[in-house]
Amino acid sequence: MTDTLAHDGRDDDWVQRAQAGDRKAFSDLVRRHQKSVYRYLLRMLGSHDEAMEQAQEASAATVGTTTL
């Protein structure tokens, strides 16, 4: 496998690599979805500060559930 995975619209390869302990794949997954999560939270919460805080908490919670 290469260091960088193709952006084919699917996360299957990234998830498998992250689950296998590949920290870069996990980081790429987080980075790939970070803006979408923030935008969703901004629409739901209506506050930039609150959306940023919740997005950070979601990222931290995700890190806490991995076996990296």
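The values are calculated or read from the model by the stated rules, or taken from the named source; none is laboratory data. Predicted, not measured: the structure shown is a model, and the values here were computed from it. Every residue, glycine among them, receives a Cβ derived from its backbone with ideal geometry; neighbour counts consider all protein chains shown. Keep in mind that these areas ignore ligands, DNA and RNA; they rest on the heavy atoms of the full protein, side chains included. Shrake-Rupley method; radii C 1.70, N 1.55, O 1.52, S 1.80 Å.
How many residues does segment 21-49 hold that are more than 13 Å from the chain's Cα centre (by Cα), closer than 21 Å to Val63 by Cβ and open to solvent by less than 70 Å² (accessible area, probe 1.4 Å)?
3
What helices (runs of 4 or more DSSP H) lie completely within the chain and have 1 or more residues being modelled with pLDDT under 85 and among the β-branched types (Val, Ile, Thr)?
48-65
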